[in-house]
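No value in this document is a laboratory result; all are computed from the given coordinates. Keep in mind it's a predicted model, so treat the numbers as computed, not measured. Because the Cβ atoms are built from the backbone with ideal geometry, glycine has one as well, and the counts that use them run over all protein chains shown.
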Amino acid sequence: MAVKWLDKPQDHDYEAAANYLSMLAEPHVVQKTVAALKDAKPVYREAKDILCAARLSLLPATNPHVSTDLGKIGDGAKLSPILLVRGSGNGAIALQIADGYHRVCASYLTDENTPIPCHLVSWPS
C-alpha cells in the first residue's frame, strides 16, 4: 500500500505550524519561518530519518491521529506534505516537525522508506 501525497500543504497546516512554533520562538521569528515554509520547494525525506533527526519516538497505530491517517492511506487519500524546521548543525537543537508528526508516523508504519514530501527551512537569522 503506497502513501499518496498532495502537491502542497493545506492552509490549516501552516496555521498549525505557527501555533506549534509559537511555543519555541518569538512571534516575528514564527512569522518569518512560516513565510519561508510557504515559499519552500518540496524536498523528499524518509520517515525514519525525519523521526531520528527530530529525536521523536514513533507513535503507535493505536494513536487516534495516526489511526486516522492510516485509514486515509488505506482509502487511497492523499496526505498533506510535512512542514519541517532545521535544528542546529552541531546537534544541540533537533529538527522540528512544525506540522505532520502523525502523518510521518503513519507513513513509517506503512513503509519507513517512503519518500515524504517536506517543506524544509532553517530558522531565520
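Under unit Cβ charges (Lys, Arg +1; Asp, Glu -1), what dipole magnitude, rounded to 20 debye, does the chain have relative to its Cα centre?
Numbers: 12 positive and 13 negative charges, 39 e Å.
With Lys and Arg at +1 and Asp and Glu at -1, about 180 debye.
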**Study point:** Kirkwood-type radius of the chain, with distances r between different C-alpha atoms, in Å
**Key:** 14.6
Review point. Which of LEU58, LEU83 comes first, and how do the rest follow, when ranked by fewest Cβ neighbours within 10 Å?
Key: LEU58, LEU83
Review point. Trypsin sites (Lys or Arg not before Pro), restricted to region 27-125: which are DSSP loop and have at most 16 other Cβ atoms within 10 Å?
Key: ARG55, ARG86
Review point. Lys pairs in region 4-121, Cα-Cα under 14 Å, at least 8 apart or on separate chains: how many?
Key: 5
**Study point:** FRET efficiency, 1/(1 + (r/R0)^6) with R0 22 Å, evaluated for GLN10 and LYS41 via beta carbons
**Key:** 0.80
**Study point:** Expected 222 nm ellipticity per residue - DSSP helices of 4 or more, -39500 (n - 2.57), all of the chain, to 500
**Key:** -12500 deg cm²/dmol
Exercise for review: Normalising by the residue count of the chain, find the relative contact order in percent from Cα pairs under 8 Å and 6+ residues apart.
Suggested key: 40
Review point. Of all DSSP beta bridges located in the chain, what percent are antiparallel, nearest 5?
Key: 55
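Counting Lys and Arg as +1 and Asp and Glu as -1, what is the net charge of the other residues whose Cβ lies under 15 Å from the Cβ of GLU15?
-1
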Review point. What ranking do SER107, SER57 get, fewest neighbouring Cβ atoms within 10 angstrom at the top?
Key: SER57, SER107
Study note, to complete from the structure: Listing VAL3, VAL85 by rising number of other beta-carbon atoms within 10 angstrom, fewest first, gives VAL3, VAL85
**Study point:** Virtual spin-label span in nm between SER125 and ASP49, 7 Å along Cα→Cβ
**Key:** 2.6
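Count the net charge of all other residues whose Cβ sits under 11 Å from the Cβ of VAL104, scoring Lys and Arg as +1 and Asp and Glu as -1. All intermediate terms of the calculation are to be shown ahead of the outcome.
Values: positive: ARG45, LYS48, ARG103; negative: GLU46, ASP49, ASP69, ASP99, GLU112.
The answer is -2.
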